[in-house]
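The values are calculated or read from the model by the stated rules, or taken from the named source; none is laboratory data. Everything numeric here is computed off the predicted structure, so don't read it as measured data. Cβ placement follows ideal geometry from the backbone for every residue including glycine, while neighbour counts extend to all protein chains displayed. The area values use the complete protein model at the heavy-atom level, side chains included, leaving out ligands, DNA and RNA. Shrake-Rupley method; radii C 1.70, N 1.55, O 1.52, S 1.80 Å.
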Amino acid sequence: MVQAGPVGGEPAADLRLARELRDTIRSLAAATVDGGALDPDLVATLNRHAGHAPRWRELRTTPEPHTTERTAGRPVAAALAEVAENAVDLLGGPLRDRLRACQRTGCLLYFIRDASRREWCSAGCGNRARAARHYAKVRRGSGG
């Protein structure tokens, strides 16, 4: 895995770091949704990204997922650190039990379920899923 460093260096390195953080958050979200254990290496990667802020919270997994505040003596204000902090808050906080994967085929997003019937990350995904279901039904009915 790429070592997280301060944002603002080479664009290619920044892109690698952004992708690493995105993939890490997706993997941790998937494990949370599936009720699985959080991979310690992924937790370390998330915490490393969050650690590039002047102050940050880290995810701890025992006795159950929770957050702890940490500080550093250097003031690095990085967008990826803020994204990582938000992921730490989500995955280690009370909303993790409401985290869901979007049910539309092909969608990779996660959302906080705020209604018992909600299945999609957005109204757009819900509309596309309903339209696809309708078109599949029409095609089956027309024999083609």
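Data table
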item: Qualifying residue in the stretch 76-84 (condition: open to solvent by 50 Å² or more (accessible area, probe 1.4 Å) and farther than 30 Å from Gly51 by Cα); result: no
item: Pairs, first closer than 15 Å to Leu59 by Cβ and open to solvent by 50 Å² or more (accessible area, probe 1.4 Å) in the stretch 9-37, second acidic (Asp, Glu) and outside any helix (DSSP H, G or I), C-beta under 9 Å, six or more apart; result: Ser27/Asp39
item: Cβ pairs under 7 Å, 6+ apart, first in the stretch 116-131 and part of a helix (DSSP H, G or I), second open to solvent by less than 70 Å² (accessible area, probe 1.4 Å); result: Cys125/Cys102; Cys125/Arg104; Cys125/Cys107; Gly126/Trp120; Arg128/Arg104; Ala129/Arg104; Ala129/Trp120
item: Members of the stretch 14-63 that are hydroxyl-bearing (Ser, Thr, Tyr) and either over 20 Å from Glu82 (Cα atoms) or more than 15 Å from the chain's Cα centre (by Cα) (or both); result: Thr32, Thr61, Thr62
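Condition check ((1) open to solvent by 60 Å² or more (accessible area, probe 1.4 Å); (2) in contact with a Ser or Thr (Cβ under 6 Å, 6 or more places away or on another chain); (3) at pLDDT below 90) across all residues:
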residue: Ala87; (1), (2), (3): no, no, no
residue: Gly93; (1), (2), (3): no, no, no
residue: Arg96; (1), (2), (3): no, yes, no
residue: Phe111; (1), (2), (3): no, no, no
residue: Cys121; (1), (2), (3): no, no, no
residue: Gly124; (1), (2), (3): no, no, no
residue: Asn127; (1), (2), (3): yes, no, no
residue: Arg133; (1), (2), (3): yes, no, yes
residue: Arg140; (1), (2), (3): yes, no, yes
